[in-house]
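The values are calculated or read from the model by the stated rules, or taken from the named source; none is laboratory data. Please read all numbers here as calculations on a predicted model, not as lab measurements. Here the Cβ positions follow ideal geometry from the backbone for every residue, glycine too, while neighbour counts run over all protein chains shown. These accessible areas exclude ligands, DNA and RNA; they are computed on the full protein's heavy atoms, side chains included. Shrake-Rupley method; radii C 1.70, N 1.55, O 1.52, S 1.80 Å.
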Amino acid sequence: MKSVFIILLLVFPCVVLAQDSQYLDSLNYVLQHTANDTIKMDTYRKMGFYLQNGKLDSALYCHQQQLAFAKKLNLKLYEADAHEQIAYVLLQQMDLSKALENYNQALKIASEPNSAENGWGYANFSFSKSPADARLSIIGMVHFELSMLYDASRMFDEEKLQLHEALKIGEKLHNPKILSLTTRNIGMLFAKNNQPDSALYYYQKTLIQYKNSPYQVGLGDLYRKIGRVYVAKQQYDSAKVNFRKSINAYARNNVLLGLSSGYLELGKVFLATDQRDCALHYSLKVIASAESFRDKTDEANGYTQLSTIYESLNKSALALHALKKGKSLQDSLNNAYVNKLIQVQNTGFQERLRLKKIADDQAAFQNKLKMTGLIVVLAIIFIIALLLYRNNRQKKKMNKVLKQTLSDLKGTQAQLIQAEKMASLGELTAGIAHEIQNPLNFVNNFSEVSTELLEEMREEIENGNFEEVKVISSDLNQNLEKILTHGRRADGIVKGMLQHSRGSSGEKEPTDINALADEYLRLSYHGLRARDKSFTADFKLEADSNLPKVNVVPQDIGRVLLNLINNAFYAVSEKAKQNGNGYKPSVIVGTHAIKSPSGDSRVKIRVKDNGNGIPDEVKKKIFQPFFTTKPTGQGTGLGLSMSYDIVKAHGGTITMETEEGEGTEFSISLP
């Protein structure tokens, strides 16, 4: 009987879609029987909107066709709108990096006032009264949807900024769509900050705005969020009412992707009020609906909730099966999310650099105009000063200008050093994620085994078999020692990361160079692997086991090692792309103690690769600030220059040996 129920749930969304299939058929008919590009563009846009609620791949295709026709027709409003809709679909698919690129492109096009010159069909954009209003409404919607992207990326300050930008435009246009969406999400911010009354206030404002708005698509989400507030206030009857309203709104407005989320929330309330049969009923509906639309997040949550219910019903086998299924789905989602989060943060950083350059260029132009007027004034002042004060006055002015310039240069230098440090920190992130996962896996596995051993121990105690109890307790002790060992390993990785992120205190301390080199070698490799899964290389540490501890600033020397090792892996990666399978990349880091010609004891660190080597014309520039051979955007040109300064400040030297086509070796000598 239960299997029949599940089949009915799976068929239900298809039945709903069939009811509206005539709408899609009519749009397809238009596409097949018109030669007018403008009509085709508008039809693809309508199809894309319709398909956003269930068939994301098809929706993406339709909006890409809209974009192609908009470019062909030079309709800038529709071109910006197409980028916005493409980004929205990509956001639903959690492709955050590409979504951000398209949102920025939409914003760039719509921000140009002349984009509204050809205002055909402007009323399609939030029922705008003019092309200028349509342009602003697109910008407002982009800011709103960017707030959702930054929320998914856990960049909450950016989320708040985008919401307030959208709210300004909504209030300026008196646009009920933008106002209802932004006030709703402001309510969400209060809900996240455990301010349920404030959240409810904004949600109620949103409900009023929905009554004045032709856009009812988001009504299901709004009722679901109101229900969550009542759950937080432990007013479960009110929560149930709003969750049911949410489900009805999703079905009524054909937002079928939201059904599983509504079922999930309702199941949680029934579980919280110990109505387990109802909770089971809605949990099964969650899974059926989520599987139907390939919503892995709700499917994972549904299985996890189902496991809890089965456990409370003493159905351990079913609980374990559901838990494993939910955990498998969640692990898959988490891995994909981490990769996309890194991508969007990197993309966001590059985009901020681009926007900063545009702002700097505009500021430079304004300054040039100001300088023209200022030069005339200064020329007059200069002549008067020359006549009145002669050489003495001029010397004082020049000294003042030089002091200010020196102060500005010092400030700029500090900013550049911090930027290089943060760049290296970003390169470490992927490696840290890989390194910390291994000890955490050990901790999780040994914890699970220990839980099972404890259950066995209880059974043996009840049976009076104390010899077996002693054996099990010995195994438990071993497991706890392993958990402690791997926990300390994870703790050490995190502390190392924190040390790297803090500014250097400049205080030297005895440091194990072998451990430092081993740590950064592995982190650098895994960081590159996270960015390019196809890349592989041999790497090893040839460490002198008798190497004494060296008195250095560990954060600074670690930064030098990371820079040299990153450069080595980059060199072999580039050569691998050129040579194909016939080449085996290799990076070797070695340490050993030496005696200098003067008899001083020194430690030598070498970083060797078998990459393409460095051409003769580049060798003499290699340690110069801002010089880099990497493509634009992939290197600051400060890494080797800062490394040279750090080693020199430690009383050491850094040298390079290279052979073009064969490889490069950097050597560091420290007292």
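If you average the alpha carbon positions of the stretch 262-292 and of the stretch 525-575, how far apart do those two centres end up, in angstrom?
Rounded to whole Å, the Cα centres lie 50 Å apart.
With θ set to phi - 60°, apply the Karplus curve 6.51 cos²θ - 1.76 cosθ + 1.60 along the stretch 276-284 and write out the HN-Hα couplings as whole Hz, x wherever there is a Gly or Pro.
With coefficients 6.51, -1.76 and 1.60, one gets 5, 5, 5, 4, 4, 4, 6, 5, 5 Hz.
Label K648 and S328 with points 7 Å out from Cα along Cα→Cβ: what is the distance between them in nm?
Each label point lies 7 Å from its Cα, and together they span 5.9 nm.
Take the Cβ-Cβ distance between A385 and D408 as r, set R0 to 22 Å, and report the resulting FRET efficiency rounded to the nearest 0.05.
Computed FRET efficiency for A385 and D408 comes out at 0.40.
Label points 7 Å out from Cα along the Cβ direction at R522 and T38: separation in nm?
According to this spin-label approximation, the distance is 6.5 nm.
Can you work out ³J(HN,Hα) from phi for every residue in the stretch 658-663, in order, using Karplus 6.51 cos²θ - 1.76 cosθ + 1.60 and θ = phi - 60°, giving whole Hz and x for Gly and Pro?
With the stated coefficients, the stretch 658-663 comes to 8, 9, 4, x, 10, x Hz.
Among the listed pairs K129/K205; K40/K177; K40/K76; K296/K325; K368/K621, which have their C-alpha atoms separated by more than 21 angstrom in this model?
In this structure, K129/K205; K40/K177; K368/K621 exceed 21 Å between Cα atoms.
Could you check how much of the accessible area of the stretch 592-671 is carbon and sulfur, as a whole percent, using a 1.4 Å probe?
50 percent
In straight Cα distance, which aspartates and glutamates are under 20 Å from K470, not counting same-chain residues fewer than 8 positions off?
E448, E452, E455, E456, E459, E460, E462, E481
Taking the Cα-to-Cβ direction at L318 and at H592 and moving 7 Å from each Cα, how far apart do the two end points lie in nm?
Going from the L318 label point to the H592 one covers 6.8 nm.
Can you tell me the dipole magnitude for the stretch 54-123 around its Cα centre, using point charges on the Cβ only (Lys, Arg +1; Asp, Glu -1), in Debye to the nearest 20?
In debye, rounded to 20, the stretch 54-123 gives about 120.
Counting only protein heavy atoms, what percent of the accessible surface of the stretch 55-209 is carbon or sulfur at a 1.4 Å probe?
Here it works out to 51 percent.
Note down the net charge around F69, summing +1 for each Lys or Arg and -1 for each Asp or Glu among other residues with Cβ under 15 Å from its Cβ.
That sum, taken over residues with Cβ under 15 Å, equals +2.
With unit charges on the beta carbon (Lys/Arg positive, Asp/Glu negative), name the residue among I86, Y29, S58 whose Cα is farthest towards the positive pole of the charge dipole of the stretch 23-117.
Y29
Under unit Cβ charges (Lys, Arg +1; Asp, Glu -1), what dipole magnitude, rounded to 20 debye, does the stretch 108-192 have relative to its Cα centre?
Taking the Cα centre of the stretch 108-192 as origin, the dipole is about 200 debye.
Which residues among the stretch 33-57 fall inside the zone where the amide N is under 12 Å from a point 7 Å beyond the Cα of N118, along Cα→Cβ?
37-38
With +1 on each Lys and Arg Cβ and -1 on each Asp and Glu Cβ, and nothing else charged, work out how big the dipole of the stretch 37-181 is about its Cα centre, in Debye to the nearest 20.
In debye, rounded to 20, the stretch 37-181 gives about 360.
Taking only protein heavy atoms and a 1.4 Å probe, what accessible area per residue, in Å², does the stretch 125-171 have with all protein chains in place?
Accessible area per residue: 42 Å².
What FRET efficiency comes out for the pair K192/K296, r = Cβ-Cβ distance, R0 = 25 Å, nearest 0.05?
0.60
Considering only the other residues whose Cβ falls under 9 Å of the Cβ of S246, what net charge follows from Lys and Arg at +1 and Asp and Glu at -1?
+2
Want the number for L31 to R154: 0.36 nm per residue separation, take away the alpha-carbon distance, what's left?
Gain on stretching L31 to R154: 40.2 nm.
Find the relative contact order for the stretch 143-215 and round it to a whole percent, using C-alpha pairs within less than 8 Å whose residues are 6+ positions apart.
Relative contact order, the stretch 143-215: 26 percent.
For the pairs K108/K630; K168/K192; K225/K268, flag any whose C-alpha to C-alpha distance is greater than 18 Å.
Exceeds cut-off: K108/K630; K168/K192.
Using θ = phi - 60° and the Karplus curve 6.51 cos²θ - 1.76 cosθ + 1.60, what whole-Hz ³J(HN,Hα) does each residue of the stretch 508-523 get, with Gly and Pro shown as x?
Coupling constants for the stretch 508-523: 7, 8, x, 10, 7, 5, 4, 5, 5, 5, 4, 4, 6, 5, 5, 4 Hz.
If you take the beta carbon distance between Q93 and S447 as r and set R0 to 35 Å, what does 1/(1 + (r/R0)^6) give as a FRET efficiency, to the nearest 0.05?
The value I calculate is 0.55.
For the full complex of protein chains and a 1.4 angstrom probe, list E467, E509 by accessible area with the highest value first.
Accessible-area ranking of E467, E509, largest first: E467, E509.
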